[in-house]
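Nothing in this text is a laboratory measurement; each read-out follows from the coordinates by a stated rule. These figures come from a predicted structure and were not determined experimentally. Cβ: placed from backbone, ideal geometry, glycine included. Neighbour counts: every protein chain shown.
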Amino acid sequence: ARAQIGVTGLAVMGRNLARNFARHGYTVAVHNRSFAKTQSLMDSAGHEGDFVPSESMADFVASLERPRKVVIMVKAGAATDAVIDELLPLLEEGDIVVDAGNAHFPDTIRREEALAARGLHFVGTGVSGGEEGALNGPSIMPGGTRESYESLGPILEAISAKVDGTPCCTYVGPNGAGHFVKMVHNGIEYADMQLIAEAYDLLKQGLGASAAEIGEIFSEWNTGDLESFLIEITADVLQHVDAATGSAFVDVVLDQAEQKGTGRWTVQNGLDLGVPITGIAEATFARALSGSVPQREAGRAVLPADAGTWEIDDRDAFVEDVRLALYASKVVAYSQGFDQIAAASAEYGWDIDRGAMARIWRGGCIIRARFLNRITEAYERDASLPLLLADEYFTGAVANGLAAWRRVVARAALNGVPTPAFSSSLAYYDGVRAERLPAALIQAQRDFFGAHTYRRTDRDGIFHTEWSDDRTEQEA
Ligand code: NDP
């Protein structure tokens, strides 16, 4: 037994993770259900480092130093359970099983409980950055016991992305915490992508600009506050020309966005916890709307726009308005996502450090951005900040763009351009800052038809009005 870490599941992700471990000097045991993938890894990358290939799971486990560290990188769901079942009889107390696939966090909680009962550490780990990140440095979000992190953490930190010398990997929290945080990361990614798409649409429709021209605007934006991987690739995609037609590539792509499910999980959990993650929800539903083909056909055929026409005298001012609206909406979407992490942390007993999450997302992952430093700083100022938007930096940043944000959302509505994420983020902003909400009326209605009771602004207690009788107020 000489391998320090093992990887089972050698499709694109597992193969690249194994190579990343090897390139960092670790001896890596490698295994895949079908040997062909193991063979292919050895043939093409075997020279990159010290690999110990095995055909059987038993040989694979036997090739690992104790306590064994096995990374599972297979298709999420039933395949993960199948691999765990095969591993269990071969492992011994104190061994560490890492699930680096995109597991749904309730599955991770269940698996952790089952393995802990057998004296094993189960580490549900979020890994972001796709194929490229897995090879060159992903953002890694490991959950599980602190004890397991002592021996596993340094290895994961070694292969993770680095920003200013700091690893994009840290201990997240017990059982499902790592996979939960990865899920919210993906939810935020949905929101960020939708906001960027809406900004593109506004520039396209408002200015009548070409994809390449808008690509230049995004390139310019990437030199400022908005600097991020997603803005950078947006500029690149918009400037790409389709070889077959000579048209802008984005103009020949069918306008239906698909999803694999992490956005949906995030929204479902937001509903479970009662956290208004409107940016992520609107982004998820916007993808659903894009794929609602019969509905879109029916709507396109008969629904009038009855909209105005863009009359933009000052193009630069409009571009700047859209930039400011994008930044403000983005702050809201991230603020909501971090609220969800706080709520889950309290609900499931995870004690997640939100500032540390922003820190490990600065590199390696899809939402990597300069902006995340501001989030880390905000939680350094106040670790229990109830609302990211209320941090002094973000309050200032949003106030600076507020008038622009309102103009953009209003003009989009007047001109018939759908901006669900921009609009709902502004509505959230106005809701969360409101002195008084019309929720009072909703609670009164609930008491009227369902005797659901209400509280009063002027004194303590729980009350009910006898609506169908003499309308006297009773104290419950
Ligand atoms: P896939 O999700 O395509 O899974 C293929 C791998 O799973 C193969 O190694 C396959 O083995 C194995 N497998 C499938 N069923 C079983 C089973 N019943 N028993 C044993 N092994 C099985 O691979 P990816 O590399 O794309 O992703 C791996 C994991 O990483 C997934 O959970 C994914 O969600 C996650 N992930 C992926 C990212 C990406 O960008 N692709 C990014 C971040 C996370 P065989 O070769 O024998 O068929």
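What to note about this one:
- Reported to the nearest whole Å, the Cα centre-to-centre distance from region 366-423 to region 251-278 is 19.
- Theoretical gain in end-to-end length, VAL241 to ASP470 [0.36 nm per residue, Cα-Cα removed]: 75.2 nm
- Charge context of TRP265, other residues only, Cβ under 13 angstrom, K/R +1, D/E -1: 0
- The relative contact order of the chain, computed from alpha carbon pairs under 8 Å that lie at least 6 residues apart in sequence, is 12 percent.
- Each part gets one Cα centre, and for region 427-449 versus region 456-476 those centres are 18 Å apart.
- The label-point distance for PHE35 and ALA1, in a model that sets each label 7 Å from Cα toward Cβ, rounds to 2.4 nm.
- Hull volume in cubic angstrom per residue (convex hull over the Cα atoms of region 352-476): 205 Å³
- Label point distance in nm, ARG66-ALA117, each placed 7 Å from Cα along Cα→Cβ: 2.4 nm
- Of the GluC sites (Glu not before Pro) in region 284-350, the ones in a loop by DSSP (not H, G, I, E or B) with at most 12 other beta carbons within 10 Å are GLU311.
- Estimated from the Cβ-Cβ distance and a Förster radius of 30 angstrom, the FRET efficiency linking ARG296 and PHE249 is about 0.85.
- Computed over the chain, the per-residue total of -39500 (n - 2.57) for DSSP H runs of n ≥ 4 gives a 222 nm mean residue ellipticity of -17500 deg cm²/dmol, rounded to 500.
- Across all directions, the average flat footprint of the convex hull enclosing the Cα atoms of region 213-252 is 2.6 nm².
- Loop-located GluC sites (Glu not before Pro) in region 368-455 (DSSP state not H, G, I, E or B) with no more than 15 neighbouring Cβ atoms inside 10 Å: GLU435.
- Calculated FRET efficiency for the pair THR223/GLU347, C-beta based, R₀ 41 Å, to 0.05: 0.55
- In region 117-205, inverting the average of 1/r over every pair of distinct C-alpha atoms gives 14.5 Å as the Kirkwood radius.
- With all projection directions averaged, the alpha carbon convex hull of region 339-405 covers 5.2 nm².
- Each residue, ALA434 and ASP314, gets one label point 7 Å from its Cα in the Cβ direction; the gap between the two is 3.2 nm.
- Dividing the Cα radius of gyration of the chain by its Kirkwood radius returns 1.03 for Rg/Rh.
- Cβ-derived FRET efficiency at R0 35 Å, PHE449 paired with ASN415, nearest 0.05: 0.35
- At least 27 Å along the helix axis (C-alpha) and Kyte average at least -1.0, DSSP helices within the chain: 177-207, 315-348, 392-414
- Share antiparallel - DSSP beta bridges, the chain, percent rounded to 5: 35 percent
- Region 151-220 versus region 299-348: alpha-carbon centroid distance in Å: 17 Å
- Charges were assigned to the Cβ only: +1 to each Lys and Arg, -1 to each Asp and Glu. The resulting dipole of region 1-76 about its Cα centre is roughly 280 debye.
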